[in-house]
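Data block below; observations after.
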Amino acid sequence: MSRVCISRSIRILQRKTYPNQWSQNMTFSSRSLPMNTVVLFVPQQEAWVVERFGKFDRILNPGLNLILPVIDKIKYVQSLKEVASEVPEQAAVTSDNVTLGLDGVLYTKVFDPYKCSYNVENADFAIKKLAQTTMRSEIGKITLDTVFREREILNVNIVDSINKASEPWGISCLRYEIRDMTLPLRIQEAMQMQVEAERKKRASILESEGIREAEINVAEGKKKAKILNSEAFQIEQVNIATGEAQAIRFMAEAKAKAVTQVAEAISQQNGMNAVSYSIAEQYVDAFGKLAKTNNTMILPANSGDVGGMVAQAMTVYKNLSNMDQLKSETALRTDKLTNSKE
């Protein structure tokens, strides 16, 4: 119980003696150093640098530590946590001569308490100035448009440059973020006009593409319509020609049947009388229609002699019949002669 009471009293005495070391916002080195109370309790994620007779002796790790009074002294207290530091705003000029106002946030961590204590004076101030100069140098390598477009790449380049310079200090830069970026008023107006022009350009391009697509669709529609119309006209003409051909064939067949029937009728008894009657009837009918169709007519001298006209027609018919019969007899004789010669 006595040891527990002693440890608690020592811890209370330490907190009252150096309260800043218990703050969560401790930077790289504490300005208020703890007193040498022989028995020390180092908090987690802290490193206390001890000097003996003014010379570095050792680093106290978190937990219980014992040091010698008078001859040992706690010279530095380093926080091993990740620290976020604000980088003040500064002016930077891009490669196209545009002045920007930039500030950011720097995240750092001490990885070697010895180097951070003895290789640099006021590490917090040094790392911030290094971040400012590095950012100004990286901004000067690129144009204004690249700053907006490749902001992440710019942060990575700044971190790499800071780590190369801060490695001897025992400090590691984990990441850097550009927080605010201030542009001159005229540059802002010019950029706004550029954005508006770009949007108008895109709108015009989209509108022209829409008109082009519409015209293409209309042209393709007209083309397909003409093709369909031509195919329909072709099918219609084929159907009409087929119909006419069938009609002609049917008419020819009907006429052939009629002629056959007439020939059969003529060969029968009183057939010639029937033919004469039919011709006389057709002649009278045609003669009655002459005055209805034309004003000027040329008539034969014996147009009123119906019997003579019928007799003349029958004579022509008999002559044609005799010629057909003669042709038939000649063809039969020729066939007989041919067969006899063979």
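For Ala165 and Leu206, calculate 0.36 nm times their separation in residues minus their Cα-Cα distance, and state this gained length in nm to one decimal.
Numbers: separation 41, 0.36 × 41 = 14.76 nm, distance 5.08 nm.
Full extension of this stretch gives 9.7 nm more.
Orientation-averaged projection of the range 52-151 equals 8.2 nm² [convex hull of Cα atoms, one quarter of hull surface area]. Between amide H atoms placed 1.01 Å from N, distances below 5 Å from Tyr76 occur with Val49, all of them 5 or more places distant or on a separate chain. Residue by residue, the range 73-89 carries 3J(HN,Hα) couplings of 9, 7, 8, 9, 10, 10, 8, 8, 7, 6, 10, 9, 10, 7, 8, x, 5 Hz when phi is fed to the Karplus relation 6.51 cos²θ - 1.76 cosθ + 1.60 (θ = phi - 60°); x denotes Gly or Pro. For the pair the range 49-87 and the range 182-212, the centres of their Cα atoms are 60 angstrom apart. In order along the range 139-156, the Karplus-derived 3J(HN,Hα) couplings, from 6.51 cos²θ - 1.76 cosθ + 1.60 at θ = phi - 60°, round to 5, x, 8, 10, 8, 5, 4, 5, 4, 6, 7, 10, 5, 5, 5, 4, 4, 5 Hz, and Gly and Pro are given as x.
So if we plug the beta-carbon distance of Ser95 and Val39 into 1/(1 + (r/R0)^6) with R0 = 41 Å, what FRET efficiency do we get, rounded to 0.05?
On the way: r = 60 Å, r/R0 = 1.46.
E(calc), rounded to 0.05, equals 0.10.
For Asp72, neighbours were defined as the other residues whose beta-carbon sits under 14 Å from its Cβ, and their charges (Lys and Arg +1, Asp and Glu -1) total +3. If you add up the charges near Pro88, with Lys and Arg at +1 and Asp and Glu at -1, over every other residue whose beta carbon is less than 9 angstrom from its beta carbon, what do you get? Taking every other residue near Pro88 into account, the sum is -2. Residues whose amide H lies under 5 Å from that of Glu46, counting only those 5 or more places away or on a different chain, are Leu80; hydrogens are built 1.01 Å from N in the peptide plane. Once all protein chains are placed together, Asp145 keeps about 80 Å² accessible to a 1.4 angstrom probe. In terms of overall dimensions, the range 116-241 has a Cα radius of gyration and Dmax of 32.3, 112 angstrom.
Can you tell me how much longer the chain between Lys129 and Gln237 gets when fully stretched, taken as 0.36 nm per residue apart minus their C-alpha distance, in nm with one decimal? Write out the running numbers ahead of the final one.
On the way: separation 108, 0.36 × 108 = 38.88 nm, distance 9.37 nm.
Full extension from Lys129 to Gln237 adds 29.5 nm.
Cross-link list Lys75/Lys115; Lys141/Lys201; Lys201/Lys222; Lys141/Lys200: which exceed 20 angstrom alpha carbon to alpha carbon?
Numbers: Lys75/Lys115 13 Å; Lys141/Lys201 30 Å; Lys201/Lys222 31 Å; Lys141/Lys200 31 Å.
Table pairs above 20 Å Cα-Cα are Lys141/Lys201; Lys201/Lys222; Lys141/Lys200.
Once the Cβ-Cβ distance of Phe148 and Glu51 is raised to the sixth power relative to R0 = 51 Å, the FRET efficiency obtained is 0.55.
The values are calculated or read from the model by the stated rules, or taken from the named source; none is laboratory data. Just so it is clear, the structure is predicted and the values come from calculations on it, not from any experiment. No Cβ is skipped: glycine too gets one built from the backbone with ideal geometry, and neighbour counts run over all protein chains shown. Calculation scope for accessible area: heavy atoms of the full protein, side chains included, ligands and nucleic acids excluded. Shrake-Rupley method; radii C 1.70, N 1.55, O 1.52, S 1.80 Å.
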